[in-house]
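First the structure, in the form of structure tokens, and then the observations on it.
The values are calculated or read from the model by the stated rules, or taken from the named source; none is laboratory data. These numbers come from a predicted model, not from an experiment. Virtual Cβ from ideal backbone geometry, glycine too; neighbours counted across all protein chains shown.
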Amino acid sequence: MPAADWANLQAGLEAEEKPLSLRQNPYKRTNLPWAEQLQPLPWSAEAYYLLERPNFALDPLWHAGAYYVQEASSMLLAQMIRQHLPQKENLAALDLSAAPGGKTTLLAAQLPPDAILLANMRHSASRQNEILDQIIGCLAPEGVLVYSICTFNRYENEAQIERLLAEREDLELLRLALDESWGFIESNLGYRAYPGRVSGEGFFLSVIRRKAGRAKKLKAPKKPSFKAVKELDNWAKKLDTVWGLDFWLRGEEIVAFPKVHKKLGEQLARSLYLLQAGANLLEQKGAKYRPMASSGQSLAWAKSAFPSIELEKEAALNYLRGEVLSLENMPKGWFQLHYQGLPLGWAKGLLGGRMNNYYPKHWRLRQR
């Protein structure tokens, strides 16, 4: 590394104030409250540096999923998606090491609407070579493997890619066309982001593609893992038809899952322990259904499916704290509470103008 780059790296590592960046949710666009402080991030659409750190917990838009606070260097993943995402219908993507979920949500935002994304949330104690060895055989012909890691250690970065390419003749390295002014350093096997050159905390990324070949066919399971639900009363009419959903009964929960990925979903359900599959929308109470508290922000519902009330900021924060609000013209039955046009969650209007707050207890805001 040249002396000037080393000095910049050292200064970047020692800086007390780390760069702050965020990415807007393309499915929940709205005006952010600090527009004058936002500086566009050139390598990722709808991503920005933020000059000052606000208290995100006191912003209802953060709770509504309008944006995600994410380290800037890691959003280079957006360039791989833009340049090398396979142009196929019904794509299946896997984030093998998804916790805490920043790059997973970026991938979900960039994938086509008919794609399916599997996120493995287990914190793996295995070393990188073990992880890669276990997954490389699962890569589909013309499928793309993105290897990204927040370290500068060559043995964990380029050496892993070098080993894979030496062991398997059916893999090829893909290059990215990056603007030099962004500051990323191209090595022989990937791309590095050093603090001091890129305003971020450091990152490595490499992209490998499996050459064309014959894909393995999934066998449909003999017995479905979930019980299909055919009748949802009037609830089915409240869903956005653009997603093309099937409905499964999982315990007492009604899960919505894309029809085009039904076979893969069944295969995964029989092979893995799924914390969540699809969108948990309803729960069964006897012969009736009611919306699950956690589905209040789901994109599966049609925008006009339920009555809604738009809240001012302070009322929105009180709702997020689990408080009961006094609202004018409150509808009876289930309705949604919105902030800047985005749904925050459920409430239920009762007789006598009373209201039940159904915002999930484990999500509730404690700050004031």
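Answer yes or no as to whether ASN280 is within 19 Å of TYR27 (Cβ to Cβ) and either out of contact with any Cys (no Cβ under 6 Å at 6 or more places or on another chain) or not basic (Lys, Arg) (or both).
For ASN280, the condition - within 19 Å of TYR27 (Cβ to Cβ) and either out of contact with any Cys (no Cβ under 6 Å at 6 or more places or on another chain) or not basic (Lys, Arg) (or both) - is met.
In region 76-87, which residue that is in contact (Cβ under 8 Å) with a residue 12 or more places away in the chain and either part of a loop (DSSP other than H, G, I, E, B) or of a type in the set (Gly, Ala, Ser) (or both) is surrounded by the most Cβ atoms within 10 Å (Cβ to Cβ)?
The selected residue is ALA78.
Exactly one condition in (1) surrounded by 14 or more Cβ atoms within 10 Å (Cβ to Cβ); (2) assigned to a loop (DSSP other than H, G, I, E, B); (3) touching a Phe, Trp or Tyr at 6+ places or on another chain (Cβ under 9 Å) is false for GLU52; which is it?
(1)
With the condition kept exactly as written, say whether any residue in region 234-247 is aromatic (Phe, Trp, Tyr), more than 17 Å from ILE116 (Cα to Cα), part of a strand (DSSP E or B) and in contact (Cβ under 8 Å) with a residue 24 or more places away in the chain. Write out each step before concluding.
Kept after step one, since they are aromatic (Phe, Trp, Tyr), are these residues of region 234-247: 235, 243, 247.
Now narrow it down to the ones that are more than 17 Å from ILE116 (Cα to Cα): 235.
Imposing the further condition that a residue be part of a strand (DSSP E or B) reduces the set to none.
The answer is no; no qualifying residue exists.
Looking only at region 111-118, decide whether some residue is free of Cβ contacts under 8 Å to residues at least 24 places away in the same chain, surrounded by fewer than 17 Cβ atoms within 10 Å (Cβ to Cβ) and of a type in the set (Asp, Glu).
No.
Given the conditions (1) under 26 Å from ALA236 (Cβ atoms); (2) touching a residue at least 40 places away in the same chain (Cβ under 8 Å); (3) not basic (Lys, Arg), report the number of the one that GLN340 does not fulfil.
Going through (1) under 26 Å from ALA236 (Cβ atoms); (2) touching a residue at least 40 places away in the same chain (Cβ under 8 Å); (3) not basic (Lys, Arg) one by one, GLN340 breaks only (1).
Suppose the filter is within 26 Å of SER73 (Cβ to Cβ) and either buried (at least 19 other Cβ atoms within 10 Å of the Cβ) or modelled with pLDDT of 95 or more (or both); does ILE208 pass it?
Answer is yes for this residue.
For residues in region 237-263 being at pLDDT 80 or above and of a type in the set (A, V, I, L, M), which is surrounded by the fewest Cβ atoms within 10 Å (Cβ to Cβ)?
Within region 237-263, the match that is surrounded by the fewest Cβ atoms within 10 Å (Cβ to Cβ) is LEU249.
Across region 40-62, which residue is farthest from GLY341 (Cα to Cα) among those that are within 19 Å of the chain's Cα centre (by Cα) and of a type in the set (Phe, Trp, Tyr)?
So, considering only residues that are within 19 Å of the chain's Cα centre (by Cα) and of a type in the set (Phe, Trp, Tyr), the one farthest from GLY341 (Cα to Cα) is TRP43.
For the condition farther than 27 Å from SER21 by Cβ, under 24 Å from the mean Cα position of the chain (by Cα) and of a type outside the set (Phe, Trp, Tyr), what is the one hit in ARG209, ARG214, ARG192?
That would be ARG209, the only listed residue that is farther than 27 Å from SER21 by Cβ, under 24 Å from the mean Cα position of the chain (by Cα) and of a type outside the set (Phe, Trp, Tyr).
I need a count of the residues in region 248-275 that are touching a residue at least 12 places away in the same chain (Cβ under 8 Å), within 21 Å of the chain's Cα centre (by Cα) and part of a loop (DSSP other than H, G, I, E, B).
As a first pass, look at region 248-275 and keep what is touching a residue at least 12 places away in the same chain (Cβ under 8 Å): 248-250, 252-270, 275.
Subset that is within 21 Å of the chain's Cα centre (by Cα): 255-262, 264-265, 268-269, 275.
From what's left, part of a loop (DSSP other than H, G, I, E, B): 275.
Total satisfying the criteria: 1.
Go through region 305-321 and give me each residue that's under 19 Å from LYS361 (Cα atoms), out of contact with any helix residue (DSSP H, G or I) (no Cβ under 7 Å at 6 or more places or on another chain) and small (Gly, Ala, Ser).
ALA315, the sole residue that qualifies.
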